[in-house]
Every structure is written in C-alpha cells, then in structure tokens.
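Here's the structure we're looking at; comments come further down.
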Amino acid sequence: MTARSTARRRGGRVRERATPYTLASGPIVVDASMAAVWFTSEPDPRGAARLLETESMLLAPDLMAVEATNAWWKRLRRREMDLADIEQAVTRLLALQIVWVAAATLLRPAARLAAELGHPVYDCMYLALAASHSAVLATADERLRKGAERVGVRLWSPRR
C-alpha cells in the first residue's frame, strides 16, 4: 500500500473515486495552492485531489510544505480548521511520496525567472523545478499559470 493510498483511506478531503484517472506519464510539480486543499473541506475546482490518484512522480520544492502549512494556519485563524486538523494535515502531507527538492538548489534559476516574469521568487521555484525536470506544473494560481505559459512550462490538467 502506498502512502498516497493510505492518505486517501484515512479521511480528510481526499477520497476514493469510482474511476481511476490517467493523469500524466512524466513528473508533476505540485505547488502549495494544490496541496493546501488535499486535507480540508475547501472547494477543489482544479481537481487537486486527482493528483493523489496518479502514478506519476510528484515533485515539490521543500518550501511547498511550509506554504501549504501556512495556508492551513490561515484557515485556523478564520476558525475553519483547528490545530489538530493542521497537525494531521502536515503528517499526511509529509507521508505522501513526494520528492522534496531543496529550495536552495532552485534559487538561481528561480531568481532569473522572477526577473524575467516580474513574479515572486518563491513562486518561480516551482517553475524552475518543472523546467529542470521537464515536468508539468500543477497549480491553481492563475498568475503563476500565466507565467508558466510565458516560459514554456506545461500545465497539468485533471482531464489529461
């Protein structure tokens, strides 16, 4: 049993689907806007939960775990989650078979992309990672999606 299937079985927002999806054959870079909805009751218009059903390798800068946890903290402040929910979400996120890439190794290419796009460096970490691994990018951030298109990074879609 994989960590992803265990996370789906244990509850939270992620749940089993009747039809398995074939999503992508290559690696997928996942940003915090997608990961932050995995273990919440937040709407999932981009199909983030479907990422957990793919056999594709999931990649993320290690900064993504911090960003997702910060999103859950904001939900705590709005009384949409409690501390136990956040702790459980962090545990589940870290148990997934995501290949975590050290953000420091992405700083130079991310800085170049940030300068080119006029976009924050922390978001350009995802673009740099996707470009370096010929991966598609899974993001719900519309501005980042536009930046990806400008630099030739392909975007993930649950309808693949």
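The values are calculated or read from the model by the stated rules, or taken from the named source; none is laboratory data. As the structure is a computational prediction, the values presented were derived from the model and not from experiment. Every residue, glycine among them, receives a Cβ derived from its backbone with ideal geometry; neighbour counts consider all protein chains shown. Each accessible area value is taken on the protein alone, full model and side chains, heavy atoms only, with ligands, DNA and RNA left out. Shrake-Rupley method; radii C 1.70, N 1.55, O 1.52, S 1.80 Å.
Only one of L52, L76 is more than 21 Å from A131 (Cβ to Cβ), without any contact (Cβ under 8 Å) to a residue 60 or more places away in the chain and in contact with a strand residue (DSSP E or B) (Cβ under 9 Å, 6 or more places away or on another chain). Can you tell me which?
Answer to the check: L52.
Does D123 satisfy the condition of being in a helix (DSSP H, G or I) and either among the polar types (S, T, N, Q) or open to solvent by 20 Å² or more (accessible area, probe 1.4 Å) (or both)?
No.
I need the full set of residues from segment 86-112 which are open to solvent by 60 Å² or more (accessible area, probe 1.4 Å) and in a helix (DSSP H, G or I), in order please.
Answer for segment 86-112, where residues must be open to solvent by 60 Å² or more (accessible area, probe 1.4 Å) and in a helix (DSSP H, G or I): E87, Q88, T91, L94, A104, T105, L107, R108, R112.
When the residues of segment 59-85 are filtered to those that are open to solvent by 80 Å² or more (accessible area, probe 1.4 Å) and assigned to a helix (DSSP H, G or I), which remaining residue is nearest to L137 (Cα to Cα)?
V66
Could you tell me which of the residues A68, A95, A103 is farther than 20 Å from G26 by Cα, in contact with an Asp or Glu (Cβ under 6 Å, 6 or more places away or on another chain) and hydrophobic (A, V, I, L, M, F, W, C)?
A103
Between a residue in segment 126-150 that is under 21 Å from T54 (Cα atoms) and open to solvent by 60 Å² or more (accessible area, probe 1.4 Å) and any residue that is of a type outside the set (F, W, Y) and assigned to a loop (DSSP other than H, G, I, E, B), which pairs come within a Cβ distance under 8 Å, given they are 6 or more apart or on different chains?
Between residues of segment 126-150 that are under 21 Å from T54 (Cα atoms) and open to solvent by 60 Å² or more (accessible area, probe 1.4 Å) and residues that are of a type outside the set (F, W, Y) and assigned to a loop (DSSP other than H, G, I, E, B), the close pairs are A131/G152; A131/V153; H133/P27; S134/G26; S134/P27.
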